[in-house]
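The values are calculated or read from the model by the stated rules, or taken from the named source; none is laboratory data. As the structure is a prediction and not an experimental result, all values here were calculated from the model. Glycine also receives a Cβ, built like all others from the backbone with ideal geometry; neighbour counts cover every protein chain displayed.
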Amino acid sequence: MISAFPAFLICTFLGADVTTIPLWTGKAPMLLPEKPNDAPTLTIYKPAKEKSVPTAIIVCPGGGYGGLAIGHEGKEPAEFLNSIGITACVLKYRHAPGYRHPVPMMDAQRAIRHVRFHARDLGVDPSKIGIWGFSAGGHLASTVSTHFKGEGLDPMDPIDKVSSRPDFSILCYPVITLEPPHAHMGSRRNLLGNNPDQALVTSLCNHLQVSKETPPTFLFHTKADKAVVIENSMLYREACQKAGVPVELVVYDQGQHGVGLASKDPVLSEWPKKLQKWMDSRGLLLASRRVDP
């Protein structure tokens with residue numbers, strides 16, 4: 001099943017800056033027949049051409065694997081990325097109550113493959129495709145950053161033959177471990193159910209899955225976060241350091257869970273600037289190699 005990318009091209013030619021496209025044509029794998037509106041999509045935000053750089057980022061909103069905070073953890077980050085020239089792709093992935101693992105991971109892996117396969121159409125470099133996740137979306141982003149071996153679901157689909165490994169990861173107050181005492185148990189229940197197999201739980205404690213192939217990572221967390229405690233980010237940072245993976249953790253003392261870009265907070269609103277500086281240091285904001293569609 002090949003994704004319906006021509007829909008994006010048509011909307012672009014008509015002058016649209018934001019376009020929503022399906023990840024699969026026809027029926028998405030494991031889609032509940034009674035819930036056709038659950039089909040996963042990407043909403044693509046294109047920056048102004050004069051400032052665009054050849055980098056794309058898939059954005060995964062949080063919501064405890066039971067919903068999606070599309071506004072402050074989807075649309076707002078996408079607009080921020082556009083402001084610095086990056087193409088943003090907000091992922092509507094499936095979640096509880098109808099869907100559990102591996103469905104969200106399948107959707108995120110497909111999103112990365114889709115953007116990489118259509119990189120030239122999007123005007124981006126296939127080696128500069130990252131993923132940005134908030135809270136449970138941060139767990140999803142760290143999952144695809146540590147689980148990317150093998151092809152996709154359909155060997156006849158050329159998109160599924162493309163790598164699903166992101167080139168870099170941005171994890172904001174992410175769920176990382178699914179084990180007490182630091183787990184966010186609501187996200188764990190929504191993703192795995194009430195009595196999951198222990199081996200499955202361990203496989204999705206993503207700090208335990210970090211390897212030297214895990215992409216460079218930027219983390220943001222606050223010490224005051226009581227919903228997803230900062231130990232989650234600290235565990236991932238430590239694992240990256242041990243594996244030799246470039247990692248940066250930005251920490252603030254104050255700030256509740258789910259702050260997003262914190263645009264109205266005079267202190268926390270500085271953190272996206274640190275993210276921008278990190279991306280710039282990694283060559284992700286260079287316009288010199290922009291790929292023309």
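Data table
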| item | result |
| --- | --- |
| Set 210, 251, 229, 291: member being out of contact with any His (no Cβ under 8 Å at 6 or more places or on another chain), modelled with pLDDT of 95 or more and hydrophobic (A, V, I, L, M, F, W, C) | 210 |
| Count of segment 171-206 residues which are of a type in the set (S, T, N, Q), touching a helix residue (DSSP H, G or I) at 6+ places or on another chain (Cβ under 9 Å) and in a loop (DSSP other than H, G, I, E, B) | 1 |
| Qualifying positions in segment 31-47 - over 18 Å from residue 108 (Cα atoms) and modelled with pLDDT under 95 | 33, 34, 35, 36 |
| Qualifying helices (runs of 4 or more DSSP H) (wholly inside segment 83-157; at least 2 residues being crowded, with 24+ Cβ neighbours inside 10 Å and modelled with pLDDT of 95 or more) | 103-117, 136-144 |
| Pairs where the first residue, in segment 134-156, is over 19 Å from residue 74 (Cα atoms) and aliphatic (A, V, I, L, M) and the second is assigned to a helix (DSSP H, G or I) and modelled with pLDDT of 95 or more, C-beta under 9 Å, 6+ apart | 153/106; 153/110 |
| Residue tally, condition of a type in the set (Ser, Thr, Tyr) and in contact with a Pro (Cβ under 7 Å, 6 or more places away or on another chain), over segment 156-173 | 1 |
| Cross-chain or 6+ apart pairs with Cβ under 7 Å, segment 65-83 first and over 15 Å from residue 42 (Cα atoms), then assigned to a helix (DSSP H, G or I) | 65/104; 65/136; 65/187; 65/190; 65/191; 66/190; 80/272 |
